[in-house]
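To start, the structure itself, in structure tokens.
Just so you know, all these numbers are worked out from the coordinates, no wet-lab data involved. Fair warning: this is a prediction, and the values are worked out from it, not measured in the lab. Cβ coordinates were reconstructed from backbone atoms using ideal geometry, including for glycine residues, and neighbour counts include every protein chain displayed.
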Amino acid sequence: MDKEVIRLKDISRHYKVGSEIVKALRTIDLVIHRNEYVALMGPSGSGKSTLMNILGCLDTPTAGSYNLNGKDVSAMNDNQLAEIRNKEIGFIFQTFNLLPRSTALENVMLPLVYSGIGKIKRVEMAEKVLANVQLTDRIKHKPNELSGGQRQRVAIARALVNNPSILLADEPTGNLDSKTSIEIMGLLHEIHQAGNTIIVVTHEEEIAKHAHRIIRLKDGLIESDEINKKIHTIDPASV
């Protein structure tokens, strides 16, 4: 088995709402290895979004330990977490989260600015990853000049540019039509084939079926964790 990328041990997350304590996550134990393709599923209130935020270092657990690529991130401060997010995690959001006045190239270069990489190298790295998502002819276009699928490709390129340990995709096809959704899932399949670790957070069974492992949450606990024996694969040439 490949190297561990993620290990969660006895993770819980409680919130105080008025006089009540809401137990969003109760006790989560989870291991994800390099080059796994995992779907994280669950209904509203299951703890799925809370778990995603902890995996993405956007939130810290109330208790338990989180080891990401050999680093214990559960006790890090905000500045340390920001550095981990920039270097170790690539985020893909349903709403793309692109800067509207910046070109595709500038959007993709943004994480590299925070990494302290010089401009010539930034441009080179961003151009390469945009070519990998078939957007070389759109690098000077701004988001309003791109289709929804092209915007999501820019977002994926931005997520990949720092060569992160994990790619965390939150409802990556939520704002896309069926044909474009298939294209994006095909692209994620290619990215996984290239060796990346992917975690897709989704409520859609059709999207989850592309993953090799499906984890279902209910009431803040892992209800099931199963290998997907009927993986949906897409031939990019057929799209």
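Starting from the Cα gyration tensor of the range 111-239, take the square roots of the eigenvalues, sort them a ≥ b ≥ c, and report rounded, prolate or oblate (rounded when a/c is under 1.5, otherwise prolate if a/b is larger than b/c, else oblate). Judged from the Cα gyration tensor, the range 111-239 comes out prolate (a/c at least 1.5, a/b above b/c). Positive contributions from Lys and Arg (+1) and negative ones from Asp and Glu (-1), summed over other residues with Cβ under 9 Å from the Cβ of L130, come out at +2.
Projecting each Cα onto the charge dipole of the chain (Lys/Arg +1, Asp/Glu -1 at the beta carbon, about the Cα centre), which of N53, G118, G220 comes out farthest on the positive side? Farthest towards the positive pole: G118. The local environment of D59, defined by Cβ-Cβ distances under 15 Å, has a net charge of +3 under the rule Lys, Arg +1 and Asp, Glu -1. Compactness check for the chain: Cα Rg over 2.2 N^0.38 Å is 1.01. Remark: relative contact order (the range 56-124) = 24 percent; criterion is Cα-Cα distance under 8 angstrom and separation of 6 or more residues. Determine which lysines satisfy two conditions relative to K3: a Cα distance under 29 Å, and not lying fewer than 8 residues away in the same chain. Cα-Cα hits under 29 Å: K48, K71, K87, K128, K209, K218, K229, K230. Shown for V22, V200: other C-beta atoms within 10 Å of each C-beta, ranked fewest to most, produce the order V22, V200.
Centre-to-centre, using Cα atoms only, the range 146-185 and the range 33-105 are separated by 16 Å.
On full extension, the segment bounded by Q134 and K16 gains 37.9 nm, given 0.36 nm per residue less the C-alpha separation.
Rounded to the nearest 20 debye, the dipole size of the chain about its Cα centre is 460 debye, using +1 on the Cβ of Lys and Arg and -1 on the Cβ of Asp and Glu.
By the scheme Lys and Arg +1, Asp and Glu -1, what is the net charge of all other residues having a beta-carbon under 12 Å from that of N97? Summing Lys/Arg as +1 and Asp/Glu as -1 gives +1.
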